[in-house]
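Notes to accompany the following structure.
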Amino acid sequence: MATDPRIRLRSMVMALGRRIVTSSGRWTISPTTEQRSLREVLDRLHPVRTQHRLRRIGPDGDGGYLVPDDLGGIAACFSPGVGALSGFELECIGFGMRAHLADASVESAAATHPRLDFIRTYIRGMADAESITLDQWVSATEPGDGDLLLQMDIEGDEWGVILSMSSALMARFRIIVVEVHHLDRLFDAESFPLLRLALEKLLEHHVCVHIHPNNHAPTRRIGDVELPLVAEFTFLRSDRIRPGPVVHVTDFPHPLDADCAELYPTMTLQPSLYRAG
């Protein structure tokens, strides 16, 4: 009997963790991804400059993100993994959006507002007793085809959520901001194909416009490629970008970037993730 594809997806995602082993207290990954294949994927993620300036939404530090100033007409913001912060969502409400929050790790949202709702559950790649999928959540709260914004920080579950998300839902998100964890697993040749699939799915309808490394975690370097373990990626849907020659961003950090953690050294974006001059 054929395996349920949902069970198969969960097994593939969970297997990523099992391929990471420790040696003398340090992370080691083996076998290693071929450098050319890795650079080909990273090159497609290099941020592109668009006609929309970037603005910061949310507080300086953790919980604040840079997004394109293309917010008019977005019906709602979805924020899985809100933790104890709601500044980003409250600012989205100020732009006329509804805000939907979900997180099972807290009792309630940090703020209340008539246009804000909260459910105490996890958003994951598969539904179970303590979680639902992003497709289920959006279908229940924002049916239709209006533009949406996704801001996702779910501590590694983002890979499964991206892989399981329907293409139709992905295309509804005008802007996607996602804190990507475990980027160093791209170095693992066995994990790489599945992670590449998730990144390519993000790039099917969207273009990366900004990356900010999270300075609370270190970087990892193998060969010519150095990656942060955690980084905040901002994507804009391709149809919102004026046609013309592709112009990549060549200067980082952005003036509006701010450290995620005050007690750790400042981290600038690694040249592997943008077209460094």
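Looking only at residues that are assigned to a loop (DSSP other than H, G, I, E, B) and among the charged types (D, E, K, R) in the range 119-149, which one is surrounded by the most Cβ atoms within 10 Å (Cβ to Cβ)? This residue is Arg124.
State which residue is farthest from Asn214 (Cα to Cα) when the search covers only the range 257-274 and only residues that are surrounded by 16 or more Cβ atoms within 10 Å (Cβ to Cβ) and of a type in the set (A, V, I, L, M).
Within the range 257-274, the first condition is being surrounded by 16 or more Cβ atoms within 10 Å (Cβ to Cβ), and the residues that meet it are 257-260, 267, 269-270, 272-274.
Within this subset, residues satisfying the condition of being of a type in the set (A, V, I, L, M) are 258, 267, 269, 273.
Numbers: Ala258: 10, Met267: 7, Leu269: 9, Leu273: 14 Å.
Among those that are surrounded by 16 or more Cβ atoms within 10 Å (Cβ to Cβ) and of a type in the set (A, V, I, L, M), it is Leu273.
Residues are listed down the side, and each one gets a yes or a no for (1) at pLDDT below 95; (2) among the β-branched types (Val, Ile, Thr):
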| position | (1), (2) |
| --- | --- |
| Leu194 | no, no |
| Leu199 | no, no |
| Leu203 | no, no |
| Val209 | no, yes |
| His212 | no, no |
| His216 | yes, no |
| Glu226 | no, no |
| Glu232 | no, no |
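Each row is one residue, and each column tells you yes or no for (1) touching a residue at least 60 places away in the same chain (Cβ under 8 Å); (2) of a type outside the set (A, V, I, L, M).
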site	(1), (2)
Ala189	yes, no
Glu226	no, yes
Phe233	yes, yes
Asp239	no, yes
Val247	yes, no
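Residues in the range 216-239 that are crowded, with 21+ Cβ neighbours inside 10 Å and touching an Asp or Glu at 6+ places or on another chain (Cβ under 9 Å): Leu227, Pro228, Val230, Ala231, Glu232, Phe233, Leu236.
Out of everything in the range 49-64 that is surrounded by 17 or more Cβ atoms within 10 Å (Cβ to Cβ) and touching a residue at least 60 places away in the same chain (Cβ under 8 Å), what residue ends up being nearest to Glu226 (Cα to Cα)? For the range 49-64, the residue satisfying everything is Asp62. When the range 108-140 is filtered for residues that are more than 14 Å from Pro80 (Cβ to Cβ) and hydroxyl-bearing (Ser, Thr, Tyr), the ones remaining, listed by number, are Ser108, Thr112, Ser139.
The values are calculated or read from the model by the stated rules, or taken from the named source; none is laboratory data. No experiment lies behind these values; they were computed from the predicted model shown. Using ideal geometry, Cβ is built from the backbone for each residue, glycine included, and neighbour counts are taken over all protein chains shown.
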